[in-house]
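I have placed the structure first, in the form of structure tokens, so that the comments after it can refer back to it.
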Amino acid sequence: MIKSLPPEAYGELNEGITRVLFTAEAIEAKVYALGKQISADYNGRFPLLVGVLNGVVPFMADLLRAITIPVEVDYLAVASYSAETRARGLVRLEKDLDETIKDRHILFVEDMVDTGLTLNYLLQNLRAREPASIEVCTLFNKPRRRLINLPLKYIGFDLPDRFVVGYGLDYRGKYRNLPFLGLLKPEIFNP
Ligand code: 5GP
């Protein structure tokens with residue numbers, strides 16, 4: 001994991017933030033703790049970590065290096081639909097996995113679980129391919145927004161029902177590269 005730059009180094013991106021919820025240091029400590037737990041739980045099982053592009057990229061990169069056992073990694077991409085479309089269970093796979101997952105231990109790695117609709121669709125899709133097991137690790141979780149009850153084995157941080165950016169999470173394509181998680185100023189964030 002590379003050393004994070006201070007928030008001021010991010011200029012206009014940092015100026016768009018009204019409040020930091022989790023600093024880069026707090027996120028780093030949590031990612032190490034998750035990696036340690038996953039390494040203990042999956043020892044000897046050679047898990048395949050599966051992530052959804054693009055938001056998961058910083059978390060996956062850091063989590064991979066916090067895991068000390070052999071693992072493989074693969075990615076999915078989904079078309080970004082509106083919340084209404086997602087609510088009807090419509091998620092389109094834009095990129096499928098490269099690996100075959102039958103009889104593999106799958107750890108689904110998510111940056112954020114919000115309503116849970118996207119994850120629910122993807123888990124159903126993967127379960128149909130008969131993996132040996134499938135569990136979920138999410139760094140950020142918004143339990144109050146959940147519409148579907150999903151089993152989350154590893155959770156980094158629970159969040160309030162607010163729109164957040166940074167550490168992979170974007171607003172209109174920007175802010176993914178901030179190393180911390182924060183709230184946008186109201187004059188920037190207008191949903
Ligand atoms: P859901 O769980 O509602 O199906 O969708 C989760 C996805 O919605 C996340 O992977 C993320 O892309 C997006 N999302 C949910 N909450 C937030 C948020 O607070 N900030 C950002 N940038 N994206 C979010």
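What follows draws every value from the coordinates through simple rules; no lab data is involved. Being a predicted model, the structure only gives us computed values, none of them experimental. Please note: Cβ atoms are built from the backbone with ideal geometry, for glycine as well, and neighbour counts cover all protein chains shown.
Once Rg and the Kirkwood radius are both taken over the C-alpha atoms of the stretch 122-163, their ratio Rg/Rh works out to 1.04. Counting neighbouring Cβ atoms within 10 Å and putting the fewest first, the residues Met112, Met1 line up as Met1, Met112. Taking a ≥ b ≥ c as the square roots of the eigenvalues of the alpha-carbon gyration tensor, the stretch 1-110 is classed oblate because a/c is 1.5 or more while a/b is no larger than b/c. Placing unit charges on the Cβ atoms only, positive for Lys and Arg and negative for Asp and Glu, gives the chain a dipole magnitude near 420 debye about its Cα centre. Extension gain for Glu72-Leu53 works out to 5.2 nm (0.36 nm per residue, less the C-alpha to C-alpha distance).
Net length available on complete extension from Lys185 to Asp158 is 7.6 nm, with 0.36 nm assigned per residue and the Cα-Cα distance removed. Calculate the FRET efficiency for Ile148 and Arg45 from the Cβ-Cβ distance with a Förster distance of 25 Å, rounded to the nearest 0.05. Computed FRET efficiency for Ile148 and Arg45: 0.40.
When only DSSP loop residues count, what chymotrypsin sites (Phe, Trp or Tyr not before Pro) in the stretch 119-177 have their Cβ near at most 14 other Cβ atoms within 10 Å? The qualifying sites are Phe163. Principal axis analysis of the Cα atoms in the chain yields extents of 48, 39, 28 Å, listed in decreasing size.
When you filter the chymotrypsin sites (Phe, Trp or Tyr not before Pro) in the stretch 1-101 for DSSP loop state and at most 15 other Cβ atoms inside 10 Å of their Cβ, you are left with Tyr81. Considering only Ile106, Leu76, Leu178, the residue lying farthest towards the positive end of the dipole of the stretch 55-185 is Leu178, judged by Cα position with unit charges set on Cβ.
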